[in-house]
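**Q** Sharing a structure below in structure tokens format, with a few things to ask.
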Ligand code: FES
Ligand SMILES: [Fe+2]
């Protein structure tokens, strides 16, 4: 067994250099279709935040190729349904709109449903006496409101919510997630497979070369590692160096907090500089003392995905008369630009006919876990195992 040198038993480093997923995982429409069926249609998928879906609104969304609607009714309840009318299947809602008279009304022949999806009226259609309205309600979709973050699951029986989160849902208990608002949003339509995004997210070997500014701010990144325990000569008795250089408090342009620090964080959470919550396959949160970023990952095809980043702040931070949005977002926006560039480079290169699979380095242990997560879900008939 190959070995990177001496590593402590508690080190997360791999003790071998395993192969990556095969090239087909990134280019083959059959792989992609299998992932849509076995990952995206069976997982909880992040679809946006409740504070940004006004009460009395219907919003069309798309998840795993399925058109859905989100409905935020006058009582504050949010529900999801398939965007298809039970009469003859017309699309109920093509663009975000206000609920009319608390009803979801089909634009074709005006069948109307209440916000719980129950059929209320067939309009000009006059059914016979054996027609039972209660058998023609909208098709519901499981929806979860986790601290103001909305997720849907297309499966009949959804998995336990949060089971796919790292390090666990409680990681951000001390951040006031429910009350935060988006101060800035950017979208990247990126020509890469969605897994390329997660692979890049999960390693820091690229940090010194791809993220020169971030690597100055976070000293561990300059060594190509996420944290001290990833160094090959790490031992638990070593003192932990500061997570941020030069007394910086956050990942802003000037390194200072862009507003009041969140009051309930522990000292350890403050000194960490960044705290992460990852929910495969759909989203991640990077939390700082003064702000958060939410990344939403949407697959659009074997070699396309959309990345949407929201920068979230406390309302009082955005309300500061001297709030400097550029200082708050541009440092990390540049990091994301750099990562998007890396993802595109990776996708273009692995389309080579000669590339069958790559090889992971011991520091890429999180990618190895992610690949195992994928292999456990995509059928052997597709993976060729
Ligand atoms: S298809 Fe919706 S009312 Fe006819
Ligand atoms: Fe990166």
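**Q** Taking a label point 7 Å from the Cα of residue 134 along the Cα→Cβ vector, which residues of the range 82-124 have an amide N closer than 14 Å to it?
**A** Backbone N within reach: 118-120.
**Q** For residue 166 and residue 348, calculate 0.36 nm times their separation in residues minus their Cα-Cα distance, and state this gained length in nm to one decimal. Mind showing how you got there, number by number?
**A** Details: separation 182, 0.36 × 182 = 65.52 nm, distance 2.93 nm.
Length gained, residue 166 through residue 348: 62.6 nm.
**Q** Okay, moving on. Give the peptides 88-94, 328-334 in descending order of average Cβ contacts within 10 Å, highest first.
**A** So the peptides 88-94, 328-334, ranked by packing, come out 328-334, 88-94.
**Q** Only Cα pairs under 8 Å and at least 6 apart count here; give the relative contact order of the range 45-153 as a rounded whole percent. Mind showing how you got there, number by number?
**A** Details: 217 pairs, mean separation 30.1, N = 109.
The normalised contact order for the range 45-153 reaches 28 percent.
**Q** Between the range 289-326 and the range 1-69, how far is it from one alpha carbon centroid to the other, in angstrom?
**A** That distance is 19 Å.
**Q** For helix 325-350, report the angle its Cα long axis makes with the longest principal axis of the Cα atoms of the chain; keep it between 0 and 90° and round to the nearest 10°.
**A** 90
**Q** What is the distance in Å between the Cα centres of the range 252-283 and the range 123-179?
**A** Between the Cα centre of the range 252-283 and that of the range 123-179, the gap is 29 Å.
**Q** Expected output is a single nm value to one decimal: the length gained when fully extending between residue 174 and residue 206, i.e. 0.36 nm times separation in residues minus the C-alpha distance. What is it?
**A** On the way: separation 32, 0.36 × 32 = 11.52 nm, distance 3.05 nm.
Residue separation times 0.36 nm, minus the Cα-Cα distance, leaves 8.5 nm.
**Q** Right, here's the next one. Which order do the peptides 52-60, 286-294 come out in when sorted by mean C-beta neighbours inside 10 angstrom, highest first?
**A** Working: 52-60: 16.4, 286-294: 22.7.
Per-residue mean Cβ counts within 10 Å order the peptides as 286-294, 52-60.
**Q** Additional query: For the range 240-353, compute the orientation-averaged projected area of the C-alpha convex hull (one quarter of its surface), in nm². All intermediate terms of the calculation are to be shown ahead of the outcome.
**A** Values: hull surface 37.1 nm².
Over all viewing directions, the range 240-353 projects a mean Cα-hull area of 9.3 nm².
**Q** Any idea what Rg and Dmax come out to for the range 45-153 if you just take the C-alpha atoms, in Å?
**A** 13.8, 46
**Q** Students often check this: by mean Cβ neighbours within 10 Å, which of 128-134, 103-109 ranks highest, and how do the rest follow? Walk me through the intermediate numbers first.
**A** On the way: 128-134: 8.3, 103-109: 17.9.
Descending packing order for the listed peptides: 103-109, 128-134.
**Q** For the Cα atoms of the chain, what angle does the longest principal axis make with the long axis of helix 365-375, in degrees from 0 to 90, nearest 10?
**A** For helix 365-375, the angle is close to 30 degrees.
**Q** In whole Å, what three semi-axes, largest first, describe the equivalent ellipsoid of the chain built from its Cα gyration tensor (square root of 5 times each eigenvalue)?
**A** So the three semi-axes of the chain are 41, 27, 17 Å.
**Q** Let me ask something additional. At a threshold of 8 angstrom on Cα-Cα distance, excluding pairs fewer than six apart, so keeping six or more, what relative contact order does the chain reach in percent?
**A** The value is 23 percent.
**Q** Starting from the 7 Å offset along Cα-to-Cβ, what nm value, one decimal, do you get for the label separation of residue 33 and residue 330?
**A** About 4.7 nm separates the two model spin labels.
Bear in mind that the values in this text are calculations on the coordinates, not laboratory data. Quick caveat: nothing in here was measured; it's all calculated off a predicted structure. When we count neighbours, we look across all protein chains shown, and the Cβ atoms used for this are built from the backbone with ideal geometry, even at glycine.
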